[in-house]
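K.L.:
Pasting a structure below so you can have a look.
None of the figures in this text is laboratory data; all of them are computed from the coordinates on show. Everything quoted here is computed from the prediction, not taken from an experiment. No Cβ is skipped: glycine too gets one built from the backbone with ideal geometry, and neighbour counts run over all protein chains shown.
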């Protein structure tokens, strides 16, 4: 830290006179540089320093002790939010109004006594503004007065050794203080966690491999893709325009789908816990993150996970109380230097930017709630609960490891004679992934996936290098009963002969007299006519109905368009 003399650099002579007045000493020097040296030497007198410390108001002493317990420095934004701002005034107004005699905050008390100063220090994330105690003042006093470190509410930035011990104190503090047990109504309607994340992942992997539009899943599509990216099961590719350029890694997909549900979930859990790219803040519903700023999702995630260690397992805990308690005790858990202004985050509902600490609940508080009701719930770490008649989560319960031991995939599929395939959720994921590539997809219903074998889907599968006999083998191995013989016959016949029947929807023109049709073929409307189906009937090319009716009108004939019910 800079010493006292260095801290006077950039200060005017009027500031030196204010300091000397508040310390009760006479400044003899008439030149500023000599004044800085004279004042620095005088303030370091041990007896004078002790008298000054004893005369400080309690809140100013608390602020000074907070700095001392942080090894002499804290981010400026954090310190001033807890101990007040220092009013920005020019020397003229400062000296004329003598604002230093009526300080507006503990920070201002210390500032005009030169007990604190501010400067920019180099940090891993770049230069940041800090408030500090001049080094020679730190050496002059032991600062042994009782100190409640909860006033700091700071989590240090990685690499900031000066405040790491503060983080340790906060984490080590009894976490019973972070919230309270849930009251009966908060836990009235339990929502048990499940392993649906694995099923949604299987669905999206099949869609990505097939090139189909990504369907809606129970868990938001982009979040499932983030889980798969973190686990290196898919990766970004500029060659693939589907799903933002996400491409399945074939061997990784195979290993993931072949794994037991328990082990597959562990793959996702491990990847999530170690990923610095899986960014929960950018997933929070209702928020839009813009710009090039960056946060530290891995640091934030590890800190929040550490808070659960002292919450009893299998005990319902109030979610609103937990969030509120964290706001009171450590609001800056994800904000290096307590910066609430440089992140460009908008409220999606009205595009309003959420800047400043005043919007903590909508950003930082929302992140905590999302972490619990989202990733931790989807990964099976917590169960959730809502009040009676509400779908807003109000309580959570931490599971033990045994609750995440998942059931086997032993369900069987059903094939109808119309080519419909119904696959239960707990069906082998690898087999569903493979079967889905041969089919068109219908909406998911309850706990089942519905597929339909069509000539279009078979053509798509063949273009991917798949064989129809592979589908027949998959169906035979995994079906509840024998596959309907008509489906087996149809698939084998299609593989040899292709499509043998086609159902088409056409628009027909029917006239009352064959001569009208002949005259129409001689007009400019002839290019809109298609196949002749009889002396008074002809097909009309798609979208040409009104042009044909206009041509008939020019011939002195009025026609009408009829839609069958």
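K.L.:
Among 80, 537, what is the fewest-to-most ranking by other Cβ atoms within 10 Å?
P.N.:
Values: 80 21, 537 14.
Going from least to most buried by this count: 537, 80.
K.L.:
Roughly how many whole Å is it from the C-alpha centroid of region 38-115 to that of region 1-28?
P.N.:
Comparing the Cα centres of region 38-115 and region 1-28, I get a distance of 12 Å.
K.L.:
Arrange 256, 344, 396, 278 by Cβ neighbour counts within 10 Å, fewest through most, would you?
P.N.:
Details: 256 25, 344 14, 396 30, 278 21.
So the ranking, lowest neighbour count to highest, is 344, 278, 256, 396.
K.L.:
Run the numbers on the chain and let me know its relative contact order in percent, using alpha-carbon pairs under 8 Å that are six or more apart. Intermediate values should be presented prior to the final figure.
P.N.:
Details: 793 pairs, mean separation 66.2, N = 565.
That works out to 12 percent.
K.L.:
Let me ask something else. Based on Cα positions only, what radius of gyration and what Dmax would you give for region 507-554, in angstroms?
P.N.:
9.4, 24
K.L.:
If you don't mind, another one. Determine, from the Cβ-Cβ distance of residue 85 and residue 9 and an R0 of 30 Å, the FRET efficiency 1/(1 + (r/R0)^6), rounded to the nearest 0.05. Mind showing how you got there, number by number?
P.N.:
Values: r = 22 Å, r/R0 = 0.74.
The pair residue 85/residue 9 has a calculated efficiency of 0.85.
K.L.:
Return the FRET efficiency for the residue pair residue 341, residue 490: r is the Cβ-Cβ distance, R0 is 51 Å, and the value is rounded to the nearest 0.05. Intermediate results must be reported in sequence, preceding the final value.
P.N.:
Working: r = 65 Å, r/R0 = 1.28.
So, using R0 = 51 Å, E works out to roughly 0.20.
K.L.:
Based on the inverse mean of 1/r over its pairs of different Cα atoms, what is the Kirkwood hydrodynamic radius of the chain, in Å?
P.N.:
Numbers: mean 1/r = 0.0332 Å⁻¹.
Final number for the Kirkwood radius of the chain is 30.1 Å.
K.L.:
Over region 227-311, calculate the relative contact order: mean separation of alpha carbon pairs under 8 Å at least 6 apart, over the residue count, as a percent.
P.N.:
Answer for region 227-311 is 24 percent.
K.L.:
Could you state the principal axis extents of the C-alpha atoms in region 457-565, from the largest down, to the nearest angstrom?
P.N.:
If we take the Cα atoms of region 457-565, the spans are 67, 30, 21 Å.
K.L.:
Please determine, in degrees from 0 to 90 and to the nearest 10, the orientation of helix 196-210 with respect to the longest principal axis defined by the Cα atoms of the chain, where the helix direction is its Cα long axis.
P.N.:
Approximately 60 degrees, to the nearest ten.
K.L.:
Continuing with this model, one more query. Against the longest alpha carbon principal axis of the chain, how many degrees, from 0 to 90 and to the nearest 10, is the axis of helix 58-69 turned?
P.N.:
70 degrees
K.L.:
With n ≥ 4 as the cut-off for DSSP H runs, can you work out [θ] at 222 nm for the chain, using -39500 (n - 2.57) per run divided by the number of residues, rounded to the nearest 500?
P.N.:
On the way: 24 runs with 225 residues, N = 565.
After summing the helix terms and dividing by the residues of the chain, the value is -11500 deg cm²/dmol.
K.L.:
Further, regarding this structure: Test of understanding: ordering 546, 450 by Cβ neighbours within 10 Å, fewest first, what list do you get? Numbers along the way, then the final one.
P.N.:
Values: 546 10, 450 15.
With the sparsest Cβ surroundings first, the list reads 546, 450.
K.L.:
What nm value, rounded to one decimal, do you get for the distance between residue 553 and residue 417 when each label is placed 7 Å out toward the C-beta?
P.N.:
Label at residue 553, label at residue 417, 5.1 nm between them.
K.L.:
Tilt of helix 545-554 relative to the longest C-alpha principal axis of the chain, in degrees (0 to 90, nearest 10)?
P.N.:
Helix 545-554 and the main axis of the chain meet at about 60 degrees.
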